[in-house]
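The values are calculated or read from the model by the stated rules, or taken from the named source; none is laboratory data. Predicted model, so just to flag it, every value in this text is computed and none were measured. Glycine also receives a Cβ, built like all others from the backbone with ideal geometry; neighbour counts cover every protein chain displayed.
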């Protein structure tokens, strides 16, 4: 087995209080990005409050937290892995390789381990576009596997499976033959497969709406449409037109309101762009009258013919032309929909639309009665969920970057991670304010997880887990500083003796306490005194001298 310590570090920062809450899928419970945890950190970084580091291969998937374990997917060279780590120590518990019978094309911002795991606490489920779905017990024993694909996706596949009731559900939208598959989570047997000929590639996850009366519904955003399906049978119930193409963000369901956002380049037009019908296109471009269009015939119309040749056969047919028309006419939009009804409910159940400063990939966040969006360039927007009217639109100065990670929230705070590793902490409010900006000094694509009053952020080369330092110790900070001064009158401060020895005699190494070039490491002192990270306060030793 490869020596993980020679790869990428996984860092865990100091925690003070533990919570049993799990984060069992992409964006946590229900895919909402919200945790009830308290005492979350504001200030953190790769050199602050580090308790442990564990090396990992890279991957774009987001971490999940279940019981005592952390699960991620990763790739190392040509190999694909599912990895389990101990949640409290960072120790790698097991690492399982997935088959890789093919190599999908991946654009630069995608990767072969982009799908995030899901777990019910008994099993963990993973998806790789180059193989399909695998199920392991939390002990690493394989339970079952379901090969899927190959997929026809111009950017490479990147969807994540989710668990809903007793089923594992995965969206497999692609440029041809899109579908949704629901598997029995215990056996991997197919419960149903929903064909989706009306959509092309997308990268979202399903969410669930449970009406007071009637069947539970799967809400699935896709290119040009939001569609609801019967959760039990997969039957199509209702849909809303007017979405952008190439959907990436997940819907947020709050009661009977569905919030869904879609953005793609070319969709910021104030009015839809009209294109010729298929019949008109044949009359205009089909010079050899074979009922198809070739790159040579439409060279003046298309800059990139391959973008619209969905089946990659070097010709355009009627289906592909109609998707081209839909793409040209699509508009970027964030909308609120009142769930329910049957058939096309676009005219009746769309409550509002908002079209400015929309995110490319990050999903919207609904937290404490306010909607939040983050757009490339560090544009942060808060909106009224009742009306869609913006409360505040401003830039996250210091983090004017691209954003792939979705915002998450807990403890009255919002965490927004940029591609370059700047994590901005906001005070959650309609008039949000920046509390801190923390530089993780590495690339971030995955969405953080929250649990145990800790923030788990996976970067490309490490996994940083941060937590708020002990309040009681902070209240003793003044006494700590005074006690650690050399000389003067003595006072009994018990376990501080060992720390003071390190400060007053930096050539000594005392119980893991170190002195940095910028002075004594307060974070390590906090870790030491709170008993975190395996350190514990010793019984009182000789009383150090103080100048006071």
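Quick notes on this structure:
- Residue in segment 332-348 that is part of a loop (DSSP other than H, G, I, E, B) and out of contact with any strand residue (DSSP E or B) (no Cβ under 9 Å at 6 or more places or on another chain) present: no
- Residue within segment 304-318 that is within 30 Å of residue 383 (Cα to Cα) and either modelled with pLDDT of 90 or more or assigned to a strand (DSSP E or B) (or both) present: no
- Of all the listed residues (105, 125, 136), the sole one being buried (at least 24 other Cβ atoms within 10 Å of the Cβ) and in contact (Cβ under 8 Å) with a residue 40 or more places away in the chain is 125.
- Restricting segment 45-74 to residues that are surrounded by fewer than 24 Cβ atoms within 10 Å (Cβ to Cβ) and out of contact with any strand residue (DSSP E or B) (no Cβ under 7 Å at 6 or more places or on another chain), the residue that is modelled with the lowest pLDDT: 47
Here is a yes/no grid of residues against (1) over 25 Å from residue 108 (Cβ atoms); (2) in the same structural domain as residue 245 (by TED's automatic domain parsing); (3) touching a residue at least 40 places away in the same chain (Cβ under 8 Å); (4) not in a strand (DSSP E or B):
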{"site": "363", "(1), (2), (3), (4)": "no, yes, yes, yes"}
{"site": "373", "(1), (2), (3), (4)": "no, yes, yes, no"}
{"site": "391", "(1), (2), (3), (4)": "yes, yes, yes, no"}
{"site": "399", "(1), (2), (3), (4)": "no, yes, no, yes"}
{"site": "404", "(1), (2), (3), (4)": "no, yes, yes, yes"}
{"site": "414", "(1), (2), (3), (4)": "yes, yes, yes, no"}
{"site": "420", "(1), (2), (3), (4)": "no, yes, no, yes"}
{"site": "434", "(1), (2), (3), (4)": "yes, yes, no, no"}
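- Unique residue being surrounded by fewer than 21 Cβ atoms within 10 Å (Cβ to Cβ), touching a residue at least 12 places away in the same chain (Cβ under 8 Å), under 23 Å from residue 252 (Cβ atoms) and more than 28 Å from the chain's Cα centre (by Cα) when the list is 325, 312, 342: 342
- Filter result (surrounded by fewer than 22 Cβ atoms within 10 Å (Cβ to Cβ), part of a strand (DSSP E or B) and in contact with a strand residue (DSSP E or B) (Cβ under 7 Å, 6 or more places away or on another chain)) within segment 375-389: 379
- With respect to being assigned by TED's automatic domain parsing to the domain that holds residue 362, touching a helix residue (DSSP H, G or I) at 6+ places or on another chain (Cβ under 8 Å) and over 18 Å from residue 320 (Cα atoms), residue 253 fits the description.
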